[in-house]
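Asker: So that we are looking at the same thing, I have put the structure below in structure tokens.
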């Protein structure tokens, strides 16, 4: 499958409650279509090695803006 966007080599936190993993996230027509170890091609590819990707994450408004960073172990 040819994707519109392929984010590769990221630490993926998918919100399922399971542990994070290293993999890829693919987008087609504005929607996430695959998550995992992917192959194929894309119009745009981002190498996210060393970065965290959280597909579908919704940031609830809060006064403690750093709470998201704390939850994944990033010091404020």
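The values are calculated or read from the model by the stated rules, or taken from the named source; none is laboratory data. Just so it is clear, the structure is predicted and the values come from calculations on it, not from any experiment. Methodologically, a virtual Cβ is constructed for each residue, glycine included, from the backbone with ideal geometry; neighbour enumeration extends over all protein chains shown.
Asker: Return yes or no: is residue 2 at negative phi, surrounded by 12 or more Cβ atoms within 10 Å (Cβ to Cβ) and either within 10 Å of the chain's Cα centre (by Cα) or at pLDDT below 95 (or both)? Talk me through it step by step, then tell me what you get.
Answerer: Details: at negative phi: yes; surrounded by 12 or more Cβ atoms within 10 Å (Cβ to Cβ): no; either within 10 Å of the chain's Cα centre (by Cα) or at pLDDT below 95 (or both): yes.
Here the answer is no, as residue 2 does not meet what is asked.
Asker: Is it true that residue 14 is surrounded by 10 or more Cβ atoms within 10 Å (Cβ to Cβ), part of a loop (DSSP other than H, G, I, E, B) and either modelled with pLDDT under 90 or touching a strand residue (DSSP E or B) at 6+ places or on another chain (Cβ under 7 Å) (or both)? Write out each step before concluding.
Answerer: Values: surrounded by 10 or more Cβ atoms within 10 Å (Cβ to Cβ): yes; part of a loop (DSSP other than H, G, I, E, B): yes; either modelled with pLDDT under 90 or touching a strand residue (DSSP E or B) at 6+ places or on another chain (Cβ under 7 Å) (or both): yes.
Against the criterion (surrounded by 10 or more Cβ atoms within 10 Å (Cβ to Cβ), part of a loop (DSSP other than H, G, I, E, B) and either modelled with pLDDT under 90 or touching a strand residue (DSSP E or B) at 6+ places or on another chain (Cβ under 7 Å) (or both)), residue 14 qualifies.
Asker: Go through the stretch 33-76 and report how many residues are modelled with pLDDT under 60, surrounded by 11 or more Cβ atoms within 10 Å (Cβ to Cβ) and either under 15 Å from the mean Cα position of the chain (by Cα) or in a loop (DSSP other than H, G, I, E, B) (or both).
Answerer: The qualifying residues number 4.
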